[in-house]
Amino acid sequence: MRQLTKDAYLYNAGDAKSPRIIRERPEDVRRTINEVPFAKGAMHVLENLFGFDEMRQFRDQLQLSPNELNNIKSPNVINQLDRIINQKVSMRLPQMPAGFGVRYLLEQTLKFYPNPETLGIESKMAAVFTGLNFLGFWPDNPKRTSPLAAFHDSMHAANAAFCDYFVTEDKALRLKTLSVYEFFGIGTKVVDVDEVNETINK
């Protein structure tokens, strides 16, 4: 890895408009991350707060079918998704806040921060990715991933937001990323591995 990266590490500070490149050995980066004392405990709290059972129960209450949501096509995927959810909420859970959906979840998340205008794109994308997964748009497979997978996916997509291309062979991640990039007006092209191979072999 050191030969490939030349020890270049992409560091995205929360209030930065673009990431900085710093020089650090990959093993040192990993050690620094693992030494954060509260990190593992905090991640487990988040994992238990919105587990797969809670997500499924919520979707069942609204009769939200991932098959229905996964058929939404661009453009304006998140706008379409919010309209469907708003209709379901008004019919089945009228006690919930008006306008409940992806945008609502993002707005509520930002209220936890004293200065939300200083947040980097990665924090906002994490909220939207988590919302999409919670509501059932190309949700993560509980047999293959943890409830935190959406958060990790959002970090990959956030870093790629400063690049020309985001390459993944994960179809669910690719389609969620396309909708999130569209929502935030990010021009990064999202492609799968086959598309890259075809381009290389031309």
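For residue 145, the criteria (1) assigned to a loop (DSSP other than H, G, I, E, B); (2) at pLDDT 85 or above hold in every case but one, which is (2).
Would you confirm, using the coordinates I've provided, whether residue 90 is among the small types (Gly, Ala, Ser), surrounded by 12 or more Cβ atoms within 10 Å (Cβ to Cβ) and touching a residue at least 24 places away in the same chain (Cβ under 8 Å)? Judged against the criteria, residue 90 is not a match. Every test in (1) surrounded by 15 or more Cβ atoms within 10 Å (Cβ to Cβ); (2) aliphatic (A, V, I, L, M); (3) more than 18 Å from residue 133 (Cβ to Cβ) is passed by residue 167 save one, and that test is (1). Considering segment 49-64, the residues that are surrounded by 13 or more Cβ atoms within 10 Å (Cβ to Cβ) and of a type outside the set (Phe, Trp, Tyr) include one that is modelled with the lowest pLDDT, namely 51.
Here's the yes/no breakdown for (1) surrounded by 18 or more Cβ atoms within 10 Å (Cβ to Cβ); (2) over 16 Å from residue 77 (Cβ atoms); (3) out of contact with any Asp or Glu (no Cβ under 9 Å at 6 or more places or on another chain):
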| site | (1), (2), (3) |
| --- | --- |
| 95 | no, yes, yes |
| 98 | no, yes, yes |
| 102 | yes, no, no |
| 114 | no, yes, yes |
| 122 | yes, yes, yes |
| 125 | yes, no, yes |
| 128 | yes, no, yes |
| 132 | yes, no, yes |
| 141 | no, yes, yes |
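Residue by residue through segment 63-87, note down the ones that are touching a residue at least 60 places away in the same chain (Cβ under 8 Å) and among the β-branched types (Val, Ile, Thr). Correct list: 72, 77, 78.
Checked against (1) closer than 18 Å to residue 129 by Cβ; (2) at pLDDT 85 or above, residue 46 passes all but condition (2). Close Cβ contacts (under 7 Å, 6 or more residues apart or on different chains) running from residues in segment 105-121 that are in contact (Cβ under 8 Å) with a residue 12 or more places away in the chain to residues that are of a type outside the set (A, V, I, L, M) and in a helix (DSSP H, G or I) comprise 105/131; 106/124; 106/131; 110/116; 121/184.
The values are calculated or read from the model by the stated rules, or taken from the named source; none is laboratory data. Not measured: the values here are computed from a predicted model. Cβ coordinates were reconstructed from backbone atoms using ideal geometry, including for glycine residues, and neighbour counts include every protein chain displayed.
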